[in-house]
Amino acid sequence: MEIPSKYEPQSAEAKWYAYWLEKGFFNSVPDDRPAYTIVIPPPNVTGVLHMGHMLNNTIQDVLIRRARMRGYNACWVPGTDHASIATEAKVVQKLRAEGVKKSDLSREAFLEHAWEWTHKHGGIILEQLKKLGASCDWNRTRFTMDEKYYEAVIDTFVDLYNKGRIYRGERIINWDPAAKTALSDEEVIYKDVQSHLYHLKYQVVGSNEFIVVATTRPETILGDTAVCVNPKDERYKHLHGKKVMVPLVNRVVTIIADDYVDMEFGTGCLKVTPAHDMNDFMLGQKYQLEIINMMNDDGTVSEAGGMYIGQDRFAVRKQIALDLDAAGLLIKQEPYSNKVGYSERTDVVIEPRLSMQWFVDMKELSKPALENVMNDNIKFFPPKFKNSYKHWMENIKDWCISRQLWWGHQIPAYYTEDGNWIVAKSLEEAQEKCKSQYPEYTGGLKQDEDVLDTWFSSWLWPIAVFDGFYSEDEVSYYYPTADLVTAPEIMFFWVARMIIAGYEYRDELPFRNVYYTGIVRDKQGRKMSKSLGNSPDPLVLIDQYGADGVRVGMLLSSPAGNDLLFDESLCEQGRNFANKIWNAFRLVNGWGQNTEKAQPRGSAVVAVQWMNARLNQVIDQLNDDYDKFRMNEALMNTYKLVWDDFCAWYLEMVKPPYGEKLDEETYSATIEIFEKILTLLHPFMPFLSEEIWQTIRDRKEGESLCVAQWPTSYSTDGEWLDGFEAFTETVIGIRNIRKDNAIANKEKLVLKVLSQDGGLSAYHAAVEHLGNIEATEMCNEKPAGCYSFIVKGREFFIPFTEKFDVGAELKKLGEELNYTEDFLSKVRLKLQNERFVSNAPQQVLDLERKKEEDALHKITLLKTQIAALGK
RNA sequence: GGGAGUUUAGCUCAGCUGGUUCAGAGCACCUGCCUUACAAGCAGGGGGUCACUGGUUCGAACCCAGUAACUCCCA
């Protein structure tokens with residue numbers, strides 16, 4: 001059978017993914033084994049795979065595959081999020097392209113379009129994840145608007161309302177005039193903007209005096225209902241309680257005094273617009289000011305503004321500045337840089353706006369969530385994120401959960417015609433309740449038009465995917481889940497709230513560990529985005545480098561919490577690695593075994609001993625790496641195990657003479673070692689490892705590496721590992737002599753050693769094999785006419801060939817002598833320091849003395865070598 | 001404005017309790033090789049003011065103080 005010299009991923013990927021699915025290896029049902037659960041961070045239902053998903057899901061797949069091999073009942077639950085505002089925006093856009101306005105449609109008709117869109121585009125991303133090799137239990141795929149999930153969200157709302165945790169109130173909220181909806185604080189992005197600071201003149205009534213107010217939003221004077229100064233401010237003390245005229249508007253308002261005002265900022269005078277600023281609203285409440293809502297939901301000036309009605313806020317800003325100037329009321333206009341909030345979704349400037357919304361009271365709810373992260377019941381990786389989590393949780397604000405959208409979970413509040421409301425699961429229940437609460441009322445009930453914030457459904461994800469609100473069957477087995485892998489950007493949106501919901505509804509943490517991935521950036525450090533066009537298509541990458549290659553590429557440079565500068569060459573490295581493994585397989589496969597040949601060669605015997613010791617060492621190392629969620633180190637350690645230890649050393653050590661097969665004993669040991677290595681590789685490179693694993697030995701139907709057992713280490717003699725270093729140094733010594741003197745590798749050499757240095761190491765047969773040494777001679781005294789090198793105090797000699805260059809050799813030895821003498825003097829300096837000798841621990845002292853001794857010995861050797869050559 | 005973090009090779013990063021010949025890894029780079037698995041490879045090699053300044057200590061990349069630059073989060 002001819003095996004291609006390059007690994008061809010495409011066929012292997014399709015074949016083994018289908019096999020895994022067919023055998024149901026990814027499916028999980030509760031049983032006696034301990035559960036290991038991951039719930040996927042549900043991507044937007046109509047989203048497509050981007051590099052962030054690749055990273056995130058590769059990590060999850062590595063974790064879940066390893067857990068599966070370690071004997072856990074591994075369950076990775078996939079699913080999608082309805083993504084209220086993002087999806088609705090897309091549907092609106094699509095309809096607009098077809099000439100249909102959302103406002104022309106009924107709610108029902110619009111939702112029909114939305115569902116149609118969802119069914120058409122929904123789940124594409126899940127299909128893409130399969131290409132990556134994601135081992136999700138696809139039977140469990142959930143959607144946040146599934147019937148049962150929807151019910152859970154509604155029940156949660158009703159429950160929290162009944163507990164007094166949800167209230168309805170008029171507050172200043174972040175208003176997105178493009179999407180025409182309220183946003184939570186987390187959906188607002190602050191950007192640095194070059195704008196202007198306008199200094200406006202407010203005439204004091206009944207006087208020639210005026211005061212000056214500085215503002216960046218002059219159009220909001222239409223809603224001014226007071227002017228405020230700091231009570232300590234001497235400049236304005238005489239004006240407290242006086243009236244001023246709002247410029248242009250000519251509304252008469254009072255000057256109030258409150259220490260909220262910063263005397264240093266601007267002129268120390270603040271205009272108060274309770275309907276359009278968070279802090280002004282607070283002042284408005286405190287001093288019972290009139291509230292004038294001068295803006296429509298689309299950002300144009302409302303009737304209440306009295307002027308500029310119907311014009312856009314930014315047009316008005318320009319115009320009003322001109323008009324104020326014309327009226328002599330604009331004192332100056334200076335450039336000013338400040339931060340302005342933008343909508344995460346629509347990227348328009350957020351308008352603080354007074355409106356009636358639903359809120360969750362977070363104070364009490366959030367307490368266990370803070371406590372259990374700070375005491376490490378829930379662990380964050382890296383732990384630095386605990387800081388910002390703590391800061392946020394300690395200053396948590398109430399959560400605005402209503403959105404003026406249609407796509408989502410409709411708020412289960414029902415209004416009477418006279419403005420009372422009833423919260424109930426359904427209209428029928430609401431009607432029942434209405435009868436007892438308002439027995440006189442005979443009119444109808446109308447459900448709240450708004451839907452809930454998307455995160456109000458996804459915060460239930462780890463519970464709801466197991467139908468945990470309605471049945472204990474699964475949730476009691478799978479919950480709490482093991483690990484959550486997500487981006488730090490959604491720590492507050494999602495992670496914190498899942499923890500809150502977990503304690504509220506299960507009285508338990510939702511997951512034990514949270515692994516925060518970084519942001520995938522391009523080589524220049526820019527965030528990958530559609531508009532920059534700097535994001536490669538993940539599927540194209542998979543096609544080019546193989547899924548395994550891309551997985552390796554993603555993991556090679558991404559410690560938890562660090563941003564990842566993605567470079568396609570990393571995938572190339574991954575592909576090359578796959579090819580390296582493939583060729584190791586070809587080599588072993590090509591050797592085959594000879595069952596007649598019973599006696600293993602000396603070199604092979606030590607190779608097997610050492611490789612097993614090394615494997616055990618690496619297995620321990622990997623387990624430690626995984627425990628600490630150091631995925632990239634686990635990968636790098638596996639990479640070096642394969643490339644350096646297995647390919648560069650082990651396979652060379654056991655390599656039979658050309659044309660011969662391996663003896664039976666070495667062959668079976670090699671296959672076993674290879675299998676273990678494939679097991680360790682499987683979480684990173686599932687396809688390649690399965691492909692080789694299936695071929696390297698006869699397998700029964702239904703066997704698979706993905707359910708094979710993760711290897712455990714056993715204690716081995718450390719001596720094998722110690723001796724190995726001297727061995728490799730010896731081989732390198734021989735190679736260097738060959739290279740420096742242009743001695744071909746094919747040319748066999750004689751090696752001489754001094755018998756006074758003791759017996760040969762157990763590795764000596766391997767030294768001869770790799771160094772192409774035909775004989776090793778023991779000498780009683782230093783042989784003349786030889787190249788030599790020193791390994792750990794032992795000198796090796798190789799007879800000169802005709803190309804020997806005395807000058808070069810002397811130079812090299814001289815350099816080494818200088819270095820060693822320099823080193824010796826540094827060590828001696830330390831040892832001569834009395835304070836070091838009296839203070840340092842014995843261990844450190846001994847070590848320094850050993851260094852001194854070794855260096856002295858080496859110097860003696862080098863000096864005799866130089867003397868011998870100089871003759 | 002408030003908070004957190006980072007700074008080690010050309011790049012991306014390790015360096016765990018201050019002490020091992022400790023200054024490391026991978027990639028990149030340089031030199032030589034188509035050596036009977038792999039040129040997507042093999043063998044060898046160069047490369048550092050551990051951001052800066054001071055302090056603590058017998059001993060500092062590591063601890064402390066200050067300075068600078070960058071990044072992120074929050075308002």
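The values are calculated or read from the model by the stated rules, or taken from the named source; none is laboratory data. Not measured: the values here are computed from a predicted model. FYI the Cβ positions are ideal-geometry reconstructions off the backbone, even for glycines, and counts take in every protein chain you see. What goes into the accessible areas is simple: the full protein's heavy atoms, side chains included, and nothing from ligands, DNA or RNA. Shrake-Rupley method; radii C 1.70, N 1.55, O 1.52, S 1.80 Å.
Observations on the model:
- Pairwise Cα inverse-distance average, inverted: Kirkwood Rh of the stretch A:507-595 (Å): 15.5
- Here chain A exposes an accessible surface that is 49 percent carbon and sulfur, computed with a 1.4 Å probe and the other protein chains kept in place.
- Summed side-chain charge close to A:Trp591 - residues other than A:Trp591 whose Cβ falls under 9 Å, Lys, Arg +1, Asp, Glu -1: +1
- Separation of the alpha carbons by more than 19 angstrom is noted, of A:Lys130/A:Lys676; A:Lys830/A:Lys851; A:Lys580/A:Lys676; A:Lys580/A:Lys655; A:Lys425/A:Lys446; A:Lys6/A:Lys580, for A:Lys130/A:Lys676.
- All other residues whose Cβ lies under 10 angstrom from that of A:Gln410 are scored, Lys and Arg at +1 and Asp and Glu at -1, for a net of -2.
- Evaluated at q = 0.12, 0.18, 0.19, 0.22 Å⁻¹, the base-10 log of the normalised Debye intensity for the stretch A:175-235, with identical point scatterers placed on the Cα atoms, takes the values -0.52, -0.92, -0.97, -1.10.
- Helix A:664-681 axis, angle to chain A major axis (alpha carbon atoms, nearest 10°): 20
- Estimated vicinal HN-Hα couplings, Hz - the stretch A:439-453 in sequence order (Karplus 6.51, -1.76, 1.60; Gly, Pro = x): x, 6, 6, 10, x, x, 10, 10, 6, 3, 6, 7, 10, 8, 3
- Three-way shape call for the stretch A:81-184 based on the alpha-carbon gyration tensor, with the a/c threshold at 1.5: oblate
- Each principal axis of the Cα cloud of the stretch A:735-871 was evaluated for its coordinate range; sorted largest first, these ranges are 56, 35, 26 Å.
- Using only side-chain charges placed at the Cβ, +1 for Lys and Arg and -1 for Asp and Glu, the dipole size of chain A relative to its Cα centre rounds to 1880 debye.
- Bins of 5 Å from zero: percent of alpha-carbon pairs in the stretch A:183-305: 2, 11, 20, 23, 22, 12, 7, 3, 1, 0
- Relative to the dominant Cα principal axis of chain A, helix A:147-162 is inclined by about 60°.
- Estimated distance in nm for a label pair at A:Ser11 and A:Tyr190, the labels positioned 7 Å out from Cα along Cα-to-Cβ: 5.9
- Label-reachable residues, the stretch A:150-171, where backbone N falls under 18 Å from a point 7 Å from A:Glu449's Cα toward its Cβ: A:169-171
- Distance cut-off 18 Å, percentage of C-alpha pairs in the stretch A:1-82 lying past it: 59
- Restriction of the chymotrypsin sites (Phe, Trp or Tyr not before Pro) in the stretch A:414-485 to DSSP coil positions whose beta-carbon has at most 13 other beta-carbons within 10 angstrom yields A:Tyr470.
- Distance (nanometres) between label positions extended 7 Å along Cα→Cβ at A:Val252 and A:Asn208: 2.1
- Radius 13 Å from Cβ of A:Asn250, net charge of other residues (Lys, Arg +1; Asp, Glu -1): +1
- Cα coordinate range in chain A, projected on the principal axes (Å, largest first): 118, 67, 52
- Over the stretch A:18-169: Rg over Rh, Cα atoms, Kirkwood Rh: 1.06
- Sorted from greatest to least, the principal axis extents spanned by the alpha carbons of the stretch A:626-746 come out as 55, 41, 28 Å.
- In the stretch A:533-607, the GluC sites (Glu not before Pro) that fall in loop regions by DSSP, at most 16 other Cβ within 10 Å: A:Glu596
- Base-10 log of normalised Debye intensity for the stretch A:138-244 (one unit scatterer per alpha-carbon) at q = 0.11, 0.12, 0.14 Å⁻¹: -0.69, -0.76, -0.88
- Distant-in-sequence amide contacts of A:Gln447, defined by a placed amide H-H separation under 5 Å and a gap of 5 or more residues or a different chain, comprise A:Tyr415.
- The stretch A:344-384-the stretch A:510-575 distance, computed between alpha-carbon centres (Å): 28
- Here's how it looks for A:Phe511: its modeled amide H is under 5 Å from those of A:Thr481, which are all 5 or more places away or on a different chain.
- The separation of the stretch A:808-867 from the stretch A:311-340, counted between C-alpha centres, amounts to 78 Å.
- Rounded tilt (10° steps) of A:631-640 against the dominant C-alpha axis of chain A: 20
- Anchor A:Lys94: lysines whose Cα lies under 19 Å away (excluding residues fewer than 8 positions away in-chain): A:Lys102, A:Lys120, A:Lys180, A:Lys530
- Rounded to 0.05, the FRET efficiency of the A:Asp376 and A:Lys286 pair, given R0 = 35 Å and the Cβ-Cβ distance, is 0.25.
- Taking every alpha-carbon pair in the stretch A:557-657 and binning the separations at 5 Å intervals from zero gives 2, 10, 16, 19, 18, 13, 9, 6, 3, 2, 1, 0 percent.
- Within straight-line cross-link reach of A:Lys384, aspartates and glutamates at Cα separation under 18 Å, skipping those fewer than 8 residues along the same chain: A:Glu371, A:Asp376, A:Glu394, A:Asp483, A:Glu489, A:Asp563, A:Asp627
- Cα radius of gyration and Dmax for the stretch A:829-868 (Å): 13.6, 43
- The spacing between the stretch A:242-275 and the stretch A:388-404, judged by their C-alpha centroids, is 30 Å.
- Amide H to amide H distances under 5 Å link A:Tyr470 with no residue, where only residues 5 or more positions off or on other chains count and H is placed in the peptide plane.
- Pairwise FRET efficiency - A:Glu719 versus A:Ala648, Cβ, R0 = 30 Å, nearest 0.05: 0.90
- Among the GluC sites (Glu not before Pro) in the stretch A:690-785, those placed in a DSSP loop whose Cβ has at most 12 other Cβ atoms within 10 Å are A:Glu701, A:Glu747, A:Glu781.
- Set against the 2.2 N^0.38 Å expectation for a compact globular protein, the stretch A:235-347 has a Cα radius of gyration ratio of 1.17.
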